[in-house]
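Engineer: Please read through the structure below; I'll follow up with questions.
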Amino acid sequence: MTSLTNSNCLCGNQYSYQDCCQKLHLGTEQATTAEQLMRSRYVAYALKNAKYIYQTYAQEKQAENPVKEIADFANSCRFIKLAVINTEQQQSNAEVEFCVSYFYQSLFCQLHERSSFIKEDGQWRYLDGEIFPVADIKVSRNDECPCGSGKKYKKCHNV
Ligand SMILES: [Zn+2]
Ligand SMILES: [Zn+2]
């Protein structure tokens, strides 16, 4: 997917990428809620924008999450979708529970996490998260693709 101009933003909002997460990626706007930042971080993973993910970590977490490691993870996954389950936001901290679906090699994986966000210098930043374990599913070429397209895996996300 190279042209995102006319389709909905990958974060699942009804807006186009240009009117949604791109503004945050370009830095022309800042996230006004933790959920918005979370959505833009997911889209950055899907678009392999490791730098943005790094920059939106809380300062104390940046050293342990180098850009290269973020990029290696993003590049090894095919992201399918984001579902935001719940958001609780206070003045300067917030929690967002979400589920991200992606493929890693021939595994269909779901990351179910409750993330913590804090405000630093007035900007929302990702601090850390509590992960709820979800079993990975091994997908064979002739299985129906777990992304929900109705196609066989080999004709869909098996790249
Ligand atoms: Zn978006
Ligand atoms: Zn698929």
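Engineer: Starting at the first residue of the stretch 48-55, write each ³J(HN,Hα) from the Karplus equation 6.51 cos²θ - 1.76 cosθ + 1.60 with θ = phi - 60°, in whole Hz, x for Gly and Pro.
Structural biologist: Calculated HN-Hα couplings, in order: 6, 9, 5, 4, 5, 5, 4, 5 Hz.
Engineer: Taking N as the number of residues in the chain, what is its Cα Rg relative to 2.2 N^0.38 Å?
Structural biologist: Normalised Rg, Cα atoms only: 1.05.
Engineer: Oh, and also: Let me make sure I get this right: for the stretch 1-92, a, b and c are the square roots of the gyration tensor eigenvalues over alpha carbons, sorted descending. Under 1.5 in a/c it's rounded, otherwise prolate if a/b > b/c, else oblate. Which is it?
Structural biologist: Since a/c reaches 1.5 but b/c is at least a/b, the shape of the stretch 1-92 is classed as oblate.
Engineer: In the chain, how many lysine pairs have Cα atoms under 16 Å apart, counting only pairs 8 or more places apart or on different chains?
Structural biologist: Total qualifying Lys-Lys pairs in the chain comes to 8.
Engineer: On a 0 to 90 degree scale, rounded to 10, what angle separates helix 34-46 from the longest Cα axis of the chain?
Structural biologist: 40
Engineer: Checking the a/c ratio against 1.5 first, then a/b against b/c, what shape does the Cα gyration tensor give for the stretch 71-159?
Structural biologist: Here the stretch 71-159 falls in the prolate category.
Engineer: Evaluate the relative contact order of the stretch 21-155 (contact order divided by residue number), counting alpha-carbon pairs under 8 angstrom at least 6 apart; express in whole percent.
Structural biologist: 18
Engineer: A follow-up question, please. Tell me the angle of helix 67-76 to the major Cα principal axis of the chain, expressed in degrees between 0 and 90 and rounded to the nearest ten.
Structural biologist: Its long axis makes an angle of about 30 degrees.
Engineer: Related question: What list do you get for Ile80, Ile118, Ile131 if you sort them by fewest beta carbons within 10 Å?
Structural biologist: Least to most surrounded, the residues fall as Ile131, Ile118, Ile80.
Engineer: 5 Å is the cut-off here: which amide hydrogens, built 1.01 Å from N in the peptide plane, fall below it relative to Tyr57, excluding neighbours closer than 5 in sequence?
Structural biologist: Amide H neighbours of Tyr57: Tyr126.
Laboratory data are not the source of any read-out in this text; all were calculated from the coordinates shown. Just so we're clear, the structure is a prediction, and the values are computed from it rather than from any experiment. Cβ atoms come from the backbone with ideal geometry, glycine included; neighbour counts cover every protein chain shown.
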